[in-house]
Amino acid sequence: MQVFVIIDGNALVHRAFHALPELTTKTGEIVNAVYGFLLGFFKVIKELQPNYLVATFDTAPPTFRHKMFKEYKATRKKAPQSLYDQIPKIKDILNSFNVPIFEKQGFEADDLIATISERAEQQSQEAEKATEIYILTGDLDALQLVNENIKVYTFSKGIKSPKIYDLEKVKKRFELLPNQIIDFKALAGDASDNIPGASGIGGKTATELLKEYKNIKNLYQNLKKGEAWDIKSKTKETLLKYKDKVFLSYKLAKVDRNVPIDFNLEKCQWIAPSLKPKTKEKVSQILTTYGFFSLIKRIP
């Protein structure tokens, strides 16, 4: 079984930045996110031993979602500039490891992850090579992608206590299938991304509705026919009142699996630096510059 790891760059950077205290180099550069990112990176490499590896990053907005709904993520508090200043450093380190980086203006990292996951599945099947795909992220939006071949690897506490979500773990936590998470957000909304949903429909109600009606399309078809006898009248009124926002929210929550990028799984092979002395030397020099002497010993 081959293993392919896709890193959600921005999500891991944010998780690392907020998990660790401020760390600075001798010249005063803040590097706590860089250090935390590498802790997570090395942990995953050691545990999963990938055959293939890529990283994805967000680009500056607007994305197609902002054009669809200008208030998208409008309530999210902007992170300190010291976080964003560390992203180029992390990209430099990934480049030194020869890890391909994917980003596309107008799209989020989630969309790139979805596209890459789907193409990797297709290419693996065509090559008749069984491949297990792990998405390394701190953002549970990726759970909608989970299937028999795709799992989400996340950290529940800072950058420690890893948790892997497969189909059964998703069902156990949410009582829903992965693809129903999109419908869940369409109904209940998502405050972190400012996805509106139907005002007044909470998570418990959304879950119960989806257990019965499977998805929002089927739910509204039953409402239209007047056959949703088990739904309380107040809930029906709310669903009908916010129908347009529910379907808009669905579009906002759903990842795009068709981002126009050039992806070839075989070009994303991961070769450990320990097998390539020049790569290890280059990485060691960068880590020395930042004062990460303890991490040099952890280079895969």
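The values are calculated or read from the model by the stated rules, or taken from the named source; none is laboratory data. Keep in mind the model is a prediction, meaning the values are calculated, not measured. When we count neighbours, we look across all protein chains shown, and the Cβ atoms used for this are built from the backbone with ideal geometry, even at glycine.
What residue, among those in region 238-259 that are of a type in the set (A, V, I, L, M) and outside any loop (DSSP other than H, G, I, E, B), is nearest to the chain's Cα centre (by Cα)? Here the residue is Ala253.
Using the structure shown, decide if Lys129 is farther than 11 Å from Ile7 by Cα and out of contact with any strand residue (DSSP E or B) (no Cβ under 6 Å at 6 or more places or on another chain). When the stated conditions are applied, Lys129 does not pass them. Of the residues Lys214, Lys280, Lys245, only one is out of contact with any strand residue (DSSP E or B) (no Cβ under 7 Å at 6 or more places or on another chain), modelled with pLDDT of 95 or more and at negative phi; which? Residue meeting the stated conditions: Lys245. Could you please let me know if Ala33 is outside the structural domain of Ala191 (by TED's automatic domain parsing), without any contact (Cβ under 8 Å) to a residue 60 or more places away in the chain and touching a helix residue (DSSP H, G or I) at 6+ places or on another chain (Cβ under 8 Å)? Answer is yes for this residue. In region 3-20, the condition of being of a type outside the set (Val, Ile, Thr) and assigned to a loop (DSSP other than H, G, I, E, B) is met by at least one residue.
Picking from residues in region 131-145 that are polar (S, T, N, Q) and at pLDDT 95 or above, the one that is surrounded by the fewest Cβ atoms within 10 Å (Cβ to Cβ) is Thr131. Annotation: Lys78 fulfils all but one of (1) in contact (Cβ under 8 Å) with a residue 40 or more places away in the chain; (2) closer than 23 Å to His14 by Cα; the unmet one is (1). For Thr235, the criteria (1) loosely packed, with under 15 Cβ neighbours inside 10 Å; (2) touching a Ser or Thr at 6+ places or on another chain (Cβ under 7 Å); (3) part of a helix (DSSP H, G or I) hold in every case but one, which is (1).
When region 270-294 is limited to residues that are of a type in the set (Phe, Trp, Tyr) and not in a helix (DSSP H, G or I), the one that is nearest to Gln49 (Cα to Cα) turns out to be Trp270.
Is there a residue in region 61-77 that is in the same structural domain as Lys280 (by TED's automatic domain parsing), under 18 Å from the mean Cα position of the chain (by Cα) and of a type in the set (A, V, I, L, M)? No - not one qualifying residue is present in region 61-77.
Ser161 meets the conditions (1) out of contact with any helix residue (DSSP H, G or I) (no Cβ under 8 Å at 6 or more places or on another chain); (2) modelled with pLDDT under 95; (3) in a helix (DSSP H, G or I) in every case but one. The failed one is (3). Beta carbons closer than 7 Å, at least 6 apart along the sequence or on distinct chains, pair a first residue in region 260-282 that is under 21 Å from Phe42 (Cα atoms) and in the same structural domain as Phe107 (by TED's automatic domain parsing) with a second that is surrounded by fewer than 17 Cβ atoms within 10 Å (Cβ to Cβ) and of a type in the set (Ser, Thr, Tyr) for Lys280/Ser274. Here Thr205 does not fit the description of being surrounded by 18 or more Cβ atoms within 10 Å (Cβ to Cβ) and in contact with a Gly (Cβ under 6 Å, 6 or more places away or on another chain). Restricting attention to region 195-220, the residues being in a loop (DSSP other than H, G, I, E, B) and under 18 Å from Lys234 (Cβ atoms) number 6. Filtered by the rule that a residue be at pLDDT 95 or above and either surrounded by fewer than 23 Cβ atoms within 10 Å (Cβ to Cβ) or not assigned by TED's automatic domain parsing to the domain that holds Ile6 (or both), region 146-158 gives Asn147, Glu148, Asn149, Lys151, Tyr153.
Against the conditions (1) assigned to a helix (DSSP H, G or I); (2) out of contact with any helix residue (DSSP H, G or I) (no Cβ under 9 Å at 6 or more places or on another chain), Asp262 satisfies every one except (1).
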